[in-house]
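Note sheet for the following structure.
Derivation of every value follows stated rules applied to the coordinates shown; laboratory data play no part. Remember, predicted model here, so these are calculated numbers, not experimental data. Because the Cβ atoms are built from the backbone with ideal geometry, glycine has one as well, and the counts that use them run over all protein chains shown.
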Amino acid sequence: MVLMMISKIDYNDKAFQGYEISIKELVDTLEISKDCAYREAQTITDKLLKRSLRIQQTDGSLLKCSWIAKAVHRPGNVTLTPAPSLRPYLLGLRKCFTIVPLTHIKGLRSQYSVRIYMLLRQYRNLGRFDLAVNDFRKMLDLENKYKRFNELRRWVLDVARKELDAKAELSFTLETVRKGKTISTLKFTIVRKQKTAKKSRGTHIERVLKNLFLNKS
């Protein structure tokens, strides 16, 4: 829903307003029934209001806020209002970042699948990229979760790879590099697949700043 909200932002906005997401959009994007969409909307907005987003500022300070300031549920739609602190980041996205059709991440249920997909999009022309395990954890806000690497692989990397294999036009293979007894580096090789998604009707989202979207969603 965050990505759907971002897709609706008018980049000439002087201040944030509420952005309406219809239940039909949720049904089409998440590929669920209408009844499930109403329940899912409640669950997602509860999580967005509670979840902390961390953004490292250029002056060295750390901003903590939530994705949304409020959510208003009505029959047929939910209106999300982004947190005011995010205004300079969200309004500047179109100028700086790659446009990604919403259909390319349609059906991805894991937040980690979406974040890893964004990384694959970022490096798709290179075909591969390396990330230190510690940097990967920071990007996905996993510094205090899945502390053993086999847990990180099982619950994050393997889940994301299987979802991307099934539902996205980009996936990956993975090699690991050890430093002593510890796995220190992840080596991603990007796998391009034939696109099977329907053409987008013009709804697009932006790949969000590394220190915004990839740090927390």
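Both radii come from the Cα set of segment 107-192: Rg as radius of gyration, Rh as Kirkwood radius; their ratio Rg/Rh reads 0.94. Taking other residues whose beta carbon is less than 11 angstrom from the beta carbon of LEU80, and scoring Lys, Arg as +1 and Asp, Glu as -1, yields +1. Packing here is the average count of other Cβ atoms within 10 Å per residue, and on that basis the peptides 179-189, 138-148, highest first, run 138-148, 179-189. Annotation: amide H of THR185 within the under-5 Å range of VAL133, VAL177, sequence separation 5 or more or interchain, hydrogens built in the peptide plane. Rounded to the nearest 20 debye, the dipole magnitude of segment 107-192 is 180 debye, with +1 charges on Lys and Arg beta carbons, -1 on Asp and Glu beta carbons, and the Cα centre as origin.
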